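Have a look at the structure below before the remarks.
The values are calculated or read from the model by the stated rules, or taken from the named source; none is laboratory data. None of these values were measured; they are calculated from a predicted model. Quick reminder, even Gly has a Cβ in these numbers, built from the backbone with ideal geometry, and neighbours come from all protein chains shown. Accessible surface is based on the protein model in full, side chains and every heavy atom, while ligands, DNA and RNA are left aside. Shrake-Rupley method; radii C 1.70, N 1.55, O 1.52, S 1.80 Å.
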Amino acid sequence: MKNYKIAVIEGDGIGREVVPEGIRVLEAAGRRFDLSFSWEHFDWSCETYLKTGRMMPADGLDQLRPYDAIYLGAVGYPGVPDHISLWGLLIPIRRGFREYVNLRPARLLEGITSPLSGRKPGEIDFVIVRENSEGEYSEVGGRLNRNSENDMAVQETVFTRRACDRIITYAFELARKRKKHVTSATKSNGIVYTMPFWDERFAAISKQYPDVKADQFHIDILTAHFVAHPDWFDVVVGSNLFGDILSDLGAAVVGSMGLAPSANLNPEREYPSLFEPVHGSAPDIAGKGIANPVAQIWSGAMMLRHLGEERAAHAVEQAIFKVLAASAVRTRDIGGKAGTREMGEAISAEVSADATVSTR
C-alpha cells in the first residue's frame with residue numbers, strides 16, 4: 001500500500017468545514033485503490049495571526065517541505081487585512097515552493113444550472129492557466145508621505161522571459177491533451193511595456209505548437225466573451241492578475257464558486273504542490289455547516305492526479321459528477337438544502353460504491 005504524507009491547513013472560515021469532507025472522500029478513494037494518507041494538521045490561520053502576529057511560523061516552509069502535497073481550505077477573515085492573510089501564508093508557499101502554475105478548471109456539469117441562459121452541460125469546459133509567481137503581484141513598490149495630502153503608492157509589475165515562457169509552454173502542453181486551443185489574456189493596447197512583452201512571448205511559444213490553435217483577446221473583451229461565448233474556450237493563459245480575475249468569472253458561469261477547484265503546481269516536483277478551492281473563507285456563512293465542499297473535494301482529485309494516482313482521481317471526479325447529476329443531495333448554492341457534511345458523505349459513498357470506474 002502506497003502512503004502519501006499530506007500537510008493539511010484548514011485555515012479560516014468555511015475552510016474548517018470543507019476540508020474534513022475532502023479528507024473523507026480521499027480516504028474513501030484510498031480504501032478503494034489501496035492508498036493510505038498520513039495527514040498532518042497545521043493550525044495556521046488568521047486566528048493564529050491574531051495570537052502570534054504571524055500567519056505561520058518563520059520556519060513554516062521548512063516544516064512543509066517534507067510532505068508530498070499541501071491540502072488547504074481557505075485563508076482570510078474579518079479583522080485581519082486581506083493582504084496580511086494572503087502574503088503571510090499562501091503567497092510565501094506558492095513562491096517558496098516554486099508553484100508557478102495555478103490551474104483552475106471551469107466545467108458546466110450535468111445537474112447544475114448556469115446563470116447563462118440556455119447553456120447545457122458539457123458546453124462550457126475550459127481551464128485557466130494562471131502565472132503564479134510574479135506579474136502584477138510583485139513585492140516591488142512602496143508608500144510615500146503616508147496620511148498627508150501627498151500620500152502616494154507605487155506598485156511595480158514584473159514580467160520575466162523565463163516565467164512567461166514556462167507558463168505559456170505549460171498551457172500549450174495542456175492544450176495538446178485537451179481540445180488543442182490556447183487563448184492568451186492580454187491588455188497590450190493600454191499597458192505599454194509588460195503586455196506587449198507577454199504578447200511577444202506568446203507568439204514565440206505558439207510557433208513551437210503548430211498543431212494547437214492560438215488566439216488572444218484583450219482582457220476587457222475576453223471577460224465579455226466568457227459570458228457571451230464560454231464555449232469558445234479550451235485553455236486560457238494569463239498573468240497573475242488576469243488569471244485570478246478570470247478564474248472567479250469562470251466559476252460563476254458554470255454555476256457556483258462552490259464548484260471551483262484549483263491547484264498550485266510545481267511541475268518539476270522539486271517541492272510539494274498545494275491544492276485549494278477557489279471560493280475563499282466565506283465568513284458570511286462560516287460556522288453554519290452549509291458550505292458546498294465540492295470544490296475542496298475536487299481539489300483533492302487534482303492532488304491525486306498530480307501524485308500520479310490517475311485512477312483514484314478519476315473515481316473522485318466521477319463520484320462528484322454523479323452526485324451532482326442524480327442525487328437529491330444538494331447544497332444551498334446549487335438549489336438544495338443539504339449541509340456540508342451531507343454532501344461530503346454522498347460523494348464518499350459514491351466513491352466507495354462504484355467499483356467499475358475506469359480511467360479516461
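The residues listed here are P272, P210, P277; of these, the one that is modelled with pLDDT of 95 or more, more than 16 Å from E131 (Cβ to Cβ) and either charged (D, E, K, R) or out of contact with any strand residue (DSSP E or B) (no Cβ under 9 Å at 6 or more places or on another chain) (or both) is P210. Contact annotation: residue pairs with Cβ atoms under 9 Å, 6 or more positions apart or on different chains, pairing a residue in the range 247-269 that is within 16 Å of V294 (Cα to Cα) with a partner that is among the hydroxyl-bearing types (S, T, Y) and surrounded by fewer than 18 Cβ atoms within 10 Å (Cβ to Cβ), are G255/T113.
Among the helices (runs of 4 or more DSSP H) contained in the range 181-289, which hold 1 or more residues that are among the aromatic types (F, W, Y), crowded, with 22+ Cβ neighbours inside 10 Å and touching a Cys at 6+ places or on another chain (Cβ under 9 Å)?
Values: elements: 194-206, 219-228, 240-253.
Once the helices (runs of 4 or more DSSP H) in the range 181-289 are filtered for at least 1 residues that are among the aromatic types (F, W, Y), crowded, with 22+ Cβ neighbours inside 10 Å and touching a Cys at 6+ places or on another chain (Cβ under 9 Å), what remains is 194-206.
For I167, are the conditions met, namely being β-branched (V, I, T) and either part of a loop (DSSP other than H, G, I, E, B) or modelled with pLDDT of 95 or more (or both)? Yes: the conditions hold for I167.
Among all positions in the range 248-258, there is at least one residue which is out of contact with any Ser or Thr (no Cβ under 9 Å at 6 or more places or on another chain) and within 27 Å of R201 (Cα to Cα).
Restricting to the range 28-60, what's the tally of residues that are open to solvent by 40 Å² or more (accessible area, probe 1.4 Å) and touching a helix residue (DSSP H, G or I) at 6+ places or on another chain (Cβ under 8 Å)? Walk me through how you get there before you give the answer.
Filtering the range 28-60 down to residues open to solvent by 40 Å² or more (accessible area, probe 1.4 Å) leaves 31-32, 34, 38-41, 43, 47, 49-54, 57-59.
The next check asks that each one be touching a helix residue (DSSP H, G or I) at 6+ places or on another chain (Cβ under 8 Å); those that pass are 31-32, 39, 49, 54, 57.
Of the residues in that region, 6 qualify.
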